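All remarks here apply to the structure that follows.
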Amino acid sequence: MKRLPILVLLLWLCAMFYVGIFLFVGGFLLVRLEVNRTSTCGDVLLPGGQQGDFCQGQPRFRRAVVLIIDALKIDFARFDPAKKEPRPFENKLPVLEEVTSSKPTHARLFPFRADPPTTTMQRIKGFTTGSLPTFIDVGNNFASSAILEDNLVHQLAEVGKRVVFMGDDTWESLFPKKFHRSLPFPSFNVKDLHTVDNGILQHLYNIMVSDDWDVLVAHFLGVDHCGHRFGPDHPAMADKLTQMDGVIRSVLDRLQNDTLLVVMGDHGMTDTGDHGGESQKETDAAIFLYSPSPLFPASPSQSDPEVVPQTDLVPTLALLLGIPIPYSSVGQVLLPLFPANRQSGGAPAGLSQAEALWINAKQVNRFLETYSSMAKDIPPERLSQLQADFSHLSSKYLSTVKEGRSPTPELVASLQGYLTSVRDTCRATWARFNPAKMAAGIAILACACVLCYVLSEMSSVLVRESGLLRVPLVAATVVGVCVAASQLFTQGYAEGSWCLAAAALSSEVLVLWRARRARKTAAAEVGEVAPRRGWLTPPRFLLTPPLLVLLLRCASLLSDSYVIAEGRVVTFMLFSLSLYVPFHLNWDGLLLPPVHDPLKPAGLLPSPVLSPLAMRRESSTFLACLGVLVGSLYLSLFFHGCREEQGSCQPSPFLSPLSRVQDSRLKNLHYILSLASLGAWTYLLRRWLRHYGNLNSLGGTVFTARWILPLLSVCLGLHWAVSATPEDSFRNLAELISLGQRALPRVAFSLLGLGLALLWLDPLTVFIKTRAAAPVRSPVSLPPPRYRASTGISTQAELHHLIPQLYQRMRRSLEDGEPARVPEGGDRPAVEAYGLGTVYSAPVVLLCGLLGMGLLLLHPEGMSLAFLLLLLEMGALLQMHASSTTLNALQGTHSGGFSVPWTPVVLWSLAATQFFHATGHLPTFPSIQWAAAFVGFPGGHTGTILPASLVTLNTFSSHILFAVACPLLLFWPLVCEVRAGRGGRGGGGEEGEDNAIMEMRLRESPQQFSSALLQLATRYLFINGAQVFASVCAAAILRRHLMVWKVFAPKLMFEASGFLVSSVFVLVGVTLVIRVDVAVGRWFKRLLPDTSG
Amino acid sequence: MSVNVGTAQASDLARLHVYGRESDDHDHIILGRGSQVQVDLTRPLSSTMWDQEIRHMASSHAIMASGVFMATVVPAVLVPGFSVYGTHLLWQYSVAGVVAVVNITLFWLLGVSPPTKKHTITYKVSRLVRSCLYLLLSCLFFHTVVVLYGAPLLETALETFSLAVLLTSLTTLRCVCVLGPNVQAWIRVFSRHGAMSVWDTSLQMVVGCSVVGAWLGAFPIPLDWDRPWQVWPVSCSLGGVIGYLTGLVVAPAWIHWHRKHLTYKSK
């Protein structure tokens, strides 16, 4: 068996997928660190550098009304009286034009440019924090969506301003308990145009005339929902905009002199009414500023900005209202709102342009320093340039102020220039998709999928090929270094991701080319003409039902509805595919024994190898397993969680931890149920191992199975009991309980670690029993000792799992010249090996069982039922696979070799996704079970690696279990072979004895073993990789979709991390099999000299 | 009863081929008991016989399809407020009833149904009872499968069961008509070499198309389009009926197309 090449090949394949995912995610998901510092009144340095409390000063405006009209595009706000036939969305807000033209110093309308992603939640974050929120703002709190960065609402609350909010309930989740008064309305139903708006209008005017507010925020959703539902070019949009026109008019009438009015859109919309992306139609909203007192020092002039970036609202509002600019803001103040020079006397005139800019620049510089000390994603040479600029400007400004002169317009312009370049730098780092990287990622992923498919189809050829990867790897290194060098030469710095991409692609292409050549030479050796399009199997093979189901699954990832209903969709597909299996068998006439026909000439049909009786037994086993599978599929539906998009969905009651169940009787029932299924899990595993004789020897694995497994389950049961105990009822035992909560899981973890270590060190479960009577050392007769792969101590079981003649084969292969004459019968076996028949699968089963228990520990107690279902379903799938293989083999349609067909592999992989949902997980961030991080660590953690890995293990537990158990698909038909052999004997065939060597077949043909193992692993990787590819495509194609940040991007993240975890654990499984193979090889070597003398 | 191949006339032989079990008891074929003569005719049947048979099938399928059509249109005219979406259950029942009546009548008239072995009343009654029992069981079976596929267990039990009744009338009823109340024959007919006459082949296709149609009908249910036909079980029953109609069209056409390659083994 080729061990190392397989591992290296698989590792390389996984690495290709990783590179592809890394590149795509790097281009698609914009990541930024959150700075969790806040500005205070004290640290706003007043112009001139003197210390003082900034908030004490008289602000320009005491109050502000902020009307946010969601998706108020700049085209909606403009008014063009020349238009004779305006379209439904044009000229519907005449009030803005009327006011700006009649009172030029009171009002101004600007285009208001948002930064992508142009979704409401990100935009609200953007224009309250003044930063550029990305999809993932890495903060210290994943679980809630509340904004933790410094923001306007926080600052307003700090200085004691009463903020009243009404409208879109997203605000309520972003700023929980920050408002003086809050009237949220449900925003979820996009089809509902009026609930939010009417809700606001009921209260808006009453509150405005009352005096119980300082800042009033009203967020209207009707225009946005109208866009999503009908598009902008629809009469409903005209109605909605006309309504908004009326609202603005009424608000204008009620404004007082000390109040600022801001009417703004958070983003625009495309011609179809969608948003989320970065096209100008989506980013260009409108902003309208008005005050009853003169707001602008001058009427519109050339110096007015053409476009106002959305980030600029924050510092402007902050300085106008007299509060500190939020810490992480990168915006610059809107200069037209500030007087060029400080006017002395009169009404509170506020800051002058230069002063405002100075405060702003100081704050931005401080943020930049803090951020660059935390994260390294801003290019360093850019950073040092900016810092040099600032120090130059600040010395210039300070000297000017000290001398008492008013700053020159040049200084103002250069301050502005500084702020603009900071914002551009930040935007380039955080807020731009990188299409080139995305495309490269998609290309690499597609190549990797094709490679996986090709490798799996021609694994038998490729296993023989030596050094398949050597040239591609060398070439990849060379190409990578070349790209790095050329980048260094042209740009002055090398970007690692592009070097990786070039290296990965070149190696992929080279491997494909080599595979093609290997195929040709292999075909030439056999003597057949290489088929024209042969090296890639023709597309019609892709349309076999299992691959069709996979295709459907991938297609379903492109629709948000299907992603939302993923749990049920996957169960549906799994059910369909598993029903297809018996139909297919029946179609081939394998399910029912053929009609016995005495008159039929014997030569016409090959006589059935299997007697009708055995066939009937095999098919009834098959059908029984199908029943178990279907049952567990159905029952698993009761363990699903709920997404917020699924309206009338009740999450499974088993998902809440036991300690939250109030009714004590129900609690006991749940506990007993969980314990029972835990016990069943342990019992089933041990039962299986005992049945196949793997519990007899004294090795480490057997010790694990005998002692660690039950101990682990006892630990788990105790832990559940302790953690479910209500603390107030056992007050005197409180210390004991907290000790138990800490110690029991830790004990379980260490037992698990011990078990895994033992499993790795000594994976053999073979027990040798030498019979004293055997004439071992007689040189004349040399009776060939025989091995038995026995299932148990009982003689009956021995008879069923006998492995005869193995020794002869071994001998023949080792000592070539010796004649291999075997006297038939007569002598008793000298050596019996118990558990040899399942020597490969036993450690894998045990590893799966141990890991399952460890993962169960991280779940709520009720999930043990789901885990039991998982075990049953695994068993049913394996048994179905084995039965259908046997039925196929006995009808003579078996192709030979150990190759696992697509159907069971697809079923296996779908089952992993199904149990992802059936253990209460969902591909959304709020549904991550954070409690898993505190199992055994109730006091919290100091680092982040341990809790992160615990949560990862919890989230992807079903992926882990199915990936680790994947090699069982290869072994199970061999394990079950013995029964078929028995049946064959009963039916009169004499091959029964020869059949009964179970997994030792694998040692007989190591070449086929390694090719089958490689094929299985590549097939599994292909199926998972295809799903990742599909969700990557979904994210790339639908990046303008309404649901992209809610559905597709989280799905992509979960799919990609699921693939990561799966591939790692597939590698673990394969490595374990290889480890066992090494151990078995050593064992034979040790045994043979012993017995042959 | 057995057929002597040597003395059988050519037309008899052809008839035997076409009907599969013209003068034979069906149970015996399947269970392999009794004495049968194997007729293994590998040359294609004469084209006139084929044409006649296919014409029979095409015309009967046309009648069935028009039955489905009438079952939709006539109540729409007669019953006030009838619509496929609005009064979906009524539509299901009317289609199921019409399909059942048309199927039974046509197959009885055509004589495709397997002849009874004994002509006693009790035997006929027992066959009838068994047929009804199997149909009922088939309804329950479809109901179970549909629930396992994810239909709500209790809330829409009536709708689910109506769908099961509809599917039974589209699939199982045809099996009963063509093969008699014999589950093993039903199972065997869905294998590669299981078809013993053109009617068996058409049975395979019609049943397959109906089931696949109903399966495909489940696909639009999760989509958020809010259409009336996405309500459970409208899309599935529509899919099933559309699949059935497709099968009715496809079966004669396919058989006609492949008539050169079709050979049937009969016992």
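The values are calculated or read from the model by the stated rules, or taken from the named source; none is laboratory data. Bear in mind that the values here come from a model prediction, so they are computed numbers and not experimental data. Virtual Cβ from ideal backbone geometry, glycine too; neighbours counted across all protein chains shown. All accessible areas refer to the heavy atoms of the entire protein, side chains included, with ligands and DNA or RNA removed. Shrake-Rupley method; radii C 1.70, N 1.55, O 1.52, S 1.80 Å.
Checking segment A:453-468 against the condition returns no match, with no residue being within 30 Å of A:PRO339 (Cβ to Cβ) and either over 28 Å from the mean Cα position of the chain (by Cα) or not hydrophobic (A, V, I, L, M, F, W, C) (or both).
Of all residues in segment A:333-347, at least one satisfies being out of contact with any helix residue (DSSP H, G or I) (no Cβ under 7 Å at 6 or more places or on another chain), in a helix (DSSP H, G or I), closer than 23 Å to A:PHE127 by Cα and open to solvent by 10 Å² or more (accessible area, probe 1.4 Å). Say whether the condition of being within 21 Å of B:THR168 (Cβ to Cβ) and free of Cβ contacts under 8 Å to residues at least 24 places away in the same chain is met by at least one residue in segment B:242-251. For segment B:242-251, residues within 21 Å of B:THR168 (Cβ to Cβ) and free of Cβ contacts under 8 Å to residues at least 24 places away in the same chain: absent. Does segment A:581-598 hold any residues that are at pLDDT below 80 and more than 8 Å from chain B (Cβ to nearest Cβ), and which are they? A:LEU590, A:PRO593, A:PRO594, A:PRO598, listed by residue number. The residues on offer are A:GLY981, A:GLY936, and the sole one that is open to solvent by less than 10 Å² (accessible area, probe 1.4 Å) and modelled with pLDDT of 80 or more is A:GLY936. Within segment A:699-719, can one find any residue that is surrounded by fewer than 19 Cβ atoms within 10 Å (Cβ to Cβ) and under 31 Å from the mean Cα position of the chain (by Cα)? Yes, the conditions are met somewhere in segment A:699-719. Any residue at all in segment B:231-251 that is within 12 Å of chain A (Cβ to nearest Cβ) and over 21 Å from B:GLY97 (Cα atoms)? No, that holds for no residue.
Of all the residues that make up segment A:692-710, how many are over 13 Å from A:GLY679 (Cβ atoms) and part of a helix (DSSP H, G or I)? Residues flagged as over 13 Å from A:GLY679 (Cβ atoms) and part of a helix (DSSP H, G or I) within segment A:692-710 amount to 9.
Taken over segment B:147-164, the criterion of being open to solvent by 40 Å² or more (accessible area, probe 1.4 Å) and away from chain A (no Cβ under 13 Å) is satisfied by B:LEU154, B:LEU158, B:GLU159, B:PHE161.
Only one of the numbered conditions (1) within 14 Å of chain B (Cβ to nearest Cβ); (2) outside any helix (DSSP H, G or I) is violated by A:LEU629, and that is (2). Taken over segment A:469-515, the criterion of being under 30 Å from the mean Cα position of the chain (by Cα), in a helix (DSSP H, G or I) and charged (D, E, K, R) is satisfied by A:GLU508 alone. Can you find a residue that is assigned to a helix (DSSP H, G or I), crowded, with 17+ Cβ neighbours inside 10 Å and either assigned by TED's automatic domain parsing to the domain that holds B:VAL250 or small (Gly, Ala, Ser) (or both) anywhere in segment B:218-228? Looking for residues that are assigned to a helix (DSSP H, G or I), crowded, with 17+ Cβ neighbours inside 10 Å and either assigned by TED's automatic domain parsing to the domain that holds B:VAL250 or small (Gly, Ala, Ser) (or both), one finds none in segment B:218-228, hence no. Across segment B:184-197, which residue is nearest to B:VAL112 (Cα to Cα) among those that are more than 11 Å from chain A (Cβ to nearest Cβ) and open to solvent by 10 Å² or more (accessible area, probe 1.4 Å)? Result: B:MET196. Among the residues of segment A:566-580, those that are more than 7 Å from chain B (Cβ to nearest Cβ) and open to solvent by 20 Å² or more (accessible area, probe 1.4 Å) comprise A:LEU579, A:TYR580.
Considering segment B:200-211 alone, what residues qualify as being of a type in the set (A, V, I, L, M) and within 10 Å of chain A (Cβ to nearest Cβ)? Selection gives B:VAL211 alone. Residues of segment A:100-125 being among the hydrophobic types (A, V, I, L, M, F, W, C), more than 25 Å from A:ASN151 (Cβ to Cβ) and open to solvent by 20 Å² or more (accessible area, probe 1.4 Å), which ones? Passing the criteria: only A:LEU109.
For every residue, the table says whether it meets (1) under 30 Å from A:ARG123 (Cα atoms); (2) part of a helix (DSSP H, G or I).
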{"residue": "A:GLN1007", "(1), (2)": "no, yes"}
{"residue": "A:SER1010", "(1), (2)": "no, yes"}
{"residue": "A:ILE1023", "(1), (2)": "no, yes"}
{"residue": "A:GLN1027", "(1), (2)": "no, yes"}
{"residue": "A:VAL1032", "(1), (2)": "yes, yes"}
{"residue": "A:ALA1036", "(1), (2)": "yes, yes"}
{"residue": "A:LEU1042", "(1), (2)": "yes, no"}
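Checked against the criterion of being outside any loop (DSSP other than H, G, I, E, B) and modelled with pLDDT under 90, the candidates A:SER101, A:SER131, A:SER144 yield just one match: A:SER101. For segment A:185-204, check the following and say yes or no: at least one residue is hydroxyl-bearing (Ser, Thr, Tyr) and either in contact with a Phe, Trp or Tyr (Cβ under 9 Å, 6 or more places away or on another chain) or closer than 29 Å to B:ASP224 by Cα (or both). Within segment A:185-204, one or more residues are hydroxyl-bearing (Ser, Thr, Tyr) and either in contact with a Phe, Trp or Tyr (Cβ under 9 Å, 6 or more places away or on another chain) or closer than 29 Å to B:ASP224 by Cα (or both). Pairs meeting the criteria (first residue in segment A:307-327 and of a type in the set (Phe, Trp, Tyr), second residue assigned to a loop (DSSP other than H, G, I, E, B), beta carbons under 6 Å, at least 6 apart or on different chains) are A:TYR327/A:ARG37; A:TYR327/A:THR38; A:TYR327/A:SER39; A:TYR327/A:ASP150.
Output the residues belonging to segment A:548-565 that are more than 8 Å from every other protein chain (Cβ to nearest Cβ), in contact (Cβ under 8 Å) with a residue 40 or more places away in the chain and of a type in the set (Gly, Ala, Ser). Once the filter is applied, which keeps residues that are more than 8 Å from every other protein chain (Cβ to nearest Cβ), in contact (Cβ under 8 Å) with a residue 40 or more places away in the chain and of a type in the set (Gly, Ala, Ser), segment A:548-565 yields only A:ALA555. Scan segment A:409-449 for residues that are among the aromatic types (Phe, Trp, Tyr), open to solvent by 10 Å² or more (accessible area, probe 1.4 Å) and farther than 30 Å from A:ALA15 by Cβ and the total you get is 0.
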